[in-house]
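Q: Just dropping this structure here.
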Amino acid sequence: MIGISKLSLGRAEEDAALRVLRTGQLAMGPETQSVETEFSKRFGGADCIAVSNGTVAITLALAAMGVGPGDEVITTAFSFIGTIEPIIQLGAKPVFADVDLSTANIDVDNIEPLITDRTKAILPVHLYGRPVDLAAIRKISRDYRIPVLEDACQAIGSSDANTGEIGGSGTAVFSFYGSKNIACGEGGLVATDDSSIGERVRLLRSHGSIETYRHKIVGYNARMTDLQAAVLRVQLESLDTVTEGRQLNAAYYQESIVNDAILLPPVNNEKSTSCFHQYTIRLSSQAHRNDLQTWASQHEVETRAYYPYSLSGHPVVENLGIGSLCQNADDLSNVVLSIPVRETLTIEEKAKIVEVLSTWEPRD
């Protein structure tokens, strides 16, 4: 089976892990400090705070922005549930904006009508690695004085023509879960150019303290371990190579997959550059999506639906009484299908994927 994800770990990661084990200091220490410094250098001096995972990164960043009980956070209707769990756990309410069908990202035109006097933050997601229209969202942010937190958990290595590399300006969070483009098993990062947010995230990360037993606020236990940090430092060195490999694979698919029943995703252009965390095609119906998924599996190509639900109509959300109708998001949940695009694919594997998709014929 040609898998969707395949974590690439080698001798350098082994050596890094052994280096930490031999020091005896496994908790947050010099490796964590070093990985923060290295991300900061990449992001042009942004304050970078390493944490235990991407979902926690969202929680800490929202809390640092003051999100709490009774507040509202405007976010996309189509993403992984980890985008909205922190909002709900902080006692706030996610307010869902529908998505643009062409990109699957939040439709910027839907944001402003949703703003109320309880709106505390805007939380867009760079889904599949494709950047949202940050310039337009940041204009709304300035006009209404509402902070923006970018869920960039799938977008490490992506960039926007107007704002640069994702993470280099504003406040963004990243995930280094095992399926991400670079990974350390778990792990997350908050990157911000707002010193007040950075300072508060650092406090929240470690029980509300920076000095041992001097607690300024009630915080969380959200620290990255030095084992994670050491592996992540090695992975970070290969980020540009990983990104380029995925982009080349996406370009190959764009040129090679020939099937009128399959809609290919947008290509990179002068406005934005995706890191292609996922290469997500679309079908005309849920039945066709399921049929292609079965066909691909029979021919040893793994595919996955990211995501088979919309957040706005998810049963958990509806049970909480905060669901809403977002038709585009609901429609996408029935027809999206991701295929392997990882940089470790061989020439033979890519050719087989193209053949399998190009020869599929939908059953009516």
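The values are calculated or read from the model by the stated rules, or taken from the named source; none is laboratory data. Just so you know, these numbers come straight off a predicted model, no measurement behind them. Glycine also receives a Cβ, built like all others from the backbone with ideal geometry; neighbour counts cover every protein chain displayed.
Q: Restricting attention to the stretch 346-364, report how many residues are hydrophobic (A, V, I, L, M, F, W, C) and in contact with a helix residue (DSSP H, G or I) (Cβ under 6 Å, 6 or more places away or on another chain).
A: So the count comes out to 3.
Q: Answer yes or no as to whether residue 280 is assigned to a strand (DSSP E or B) and not acidic (Asp, Glu).
A: On the way: assigned to a strand (DSSP E or B): yes; not acidic (Asp, Glu): yes.
Answer is yes for this residue.
Q: Right, something else. If I filter the stretch 268-309 down to residues being small (Gly, Ala, Ser) and closer than 23 Å to residue 243 by Cα, which single residue comes out as surrounded by the most Cβ atoms within 10 Å (Cβ to Cβ)?
A: 274
Q: Sort out for me the strands (runs of 3 or more DSSP E) sitting completely within the stretch 1-115 that have 3 or more residues that are more than 24 Å from residue 280 (Cα to Cα), at pLDDT 95 or above and not acidic (Asp, Glu).
A: Result: 47-51, 93-97.
Q: Turning to a different aspect of this structure: In this structure, does residue 215 turn out to be free of Cβ contacts under 8 Å to residues at least 24 places away in the same chain and at negative phi?
A: Yes.
Q: Looking only at the stretch 106-118, decide whether some residue is charged (D, E, K, R), surrounded by fewer than 22 Cβ atoms within 10 Å (Cβ to Cβ) and within 30 Å of residue 4 (Cβ to Cβ).
A: Checked the stretch 106-118: at least one residue is charged (D, E, K, R), surrounded by fewer than 22 Cβ atoms within 10 Å (Cβ to Cβ) and within 30 Å of residue 4 (Cβ to Cβ).
Q: So in the stretch 310-357, with the set limited to residues that are in a loop (DSSP other than H, G, I, E, B) and touching a Phe, Trp or Tyr at 6+ places or on another chain (Cβ under 7 Å), which one is surrounded by the fewest Cβ atoms within 10 Å (Cβ to Cβ)?
A: Filtering the stretch 310-357 for residues that are in a loop (DSSP other than H, G, I, E, B) and touching a Phe, Trp or Tyr at 6+ places or on another chain (Cβ under 7 Å), the one surrounded by the fewest Cβ atoms within 10 Å (Cβ to Cβ) comes out as 324.
Q: Let me ask another. Hey, can you tell me all the residues within the stretch 190-230 that are touching an Asp or Glu at 6+ places or on another chain (Cβ under 8 Å), among the hydroxyl-bearing types (Ser, Thr, Tyr) and not in a helix (DSSP H, G or I)?
A: Answer for the stretch 190-230, where residues must be touching an Asp or Glu at 6+ places or on another chain (Cβ under 8 Å), among the hydroxyl-bearing types (Ser, Thr, Tyr) and not in a helix (DSSP H, G or I): just 192.
Q: Would you say residue 191 is modelled with pLDDT of 95 or more, closer than 17 Å to residue 56 by Cα and buried (at least 21 other Cβ atoms within 10 Å of the Cβ)?
A: The answer is yes for residue 191.
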